[in-house]
Amino acid sequence: MSELRLRDDKVMAYDDLGTGEPLLLIHGFTGSRRAWRKDLIAELATHSRVIIPDLIGHGQSHAEHAPARFALHEMVTDLCQLLTACQVSRATWIGYSMGG
């Protein structure tokens, strides 16, 4: 697990595995990066770089008590900051539920 300090000093936990074309896997509401099956991640990581964050307020990322912080544009900004920190300019985004 790695951590990224976001623009507002919140901390986002994430995993960064494999090499190749980057995939960003985004979990659903009340989930975490652990919601993705380990065998799926292992298979994807054999031919892709797989970046799997815990969105703010989920999993091991910073808990947030301000409802505005959960707005879609806030989450997208966080994820873009994560990709920039990982030196990724383009990625395929894959999500389910709220992450979709």
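Short-range pairs are left out: with C-alpha atoms under 8 Å and at least six residues apart, the relative contact order of the chain is 36 percent. Evaluate E = 1/(1 + (r/R0)^6) for residue 97 and residue 5, where r is the Cβ-Cβ distance and R0 equals 30 Å; express this FRET efficiency to the nearest 0.05. Approximately 0.70, to the nearest 0.05.
Run through the DSSP bridge list for the chain and note the antiparallel percent, rounded to the nearest 5. Close to 50 percent. Excluding ligands, DNA and RNA, the accessible surface per residue across the chain is 57 Å² with a 1.4 Å probe.
Full extension of the chain between residue 19 and residue 63 yields a length gain of 12.8 nm, computed as 0.36 nm times the residue separation minus the alpha carbon distance. The convex hull defined by the C-alpha atoms of the chain has an orientation-averaged projected area of 5.7 nm².
Per-peptide packing, taken as the mean over residues of other Cβ atoms within 10 Å, places 52-60, 3-11 in the sequence 52-60, 3-11 from highest down.
On the chain, 54 percent of the accessible area sits on carbon and sulfur atoms, based on a 1.4 Å probe.
The values are calculated or read from the model by the stated rules, or taken from the named source; none is laboratory data. Just so it is clear, the structure is predicted and the values come from calculations on it, not from any experiment. In this analysis, Cβ positions are derived from the backbone assuming ideal geometry, glycine residues included, and neighbour counts consider all displayed protein chains. Keep in mind that these areas ignore ligands, DNA and RNA; they rest on the heavy atoms of the full protein, side chains included. Shrake-Rupley method; radii C 1.70, N 1.55, O 1.52, S 1.80 Å.
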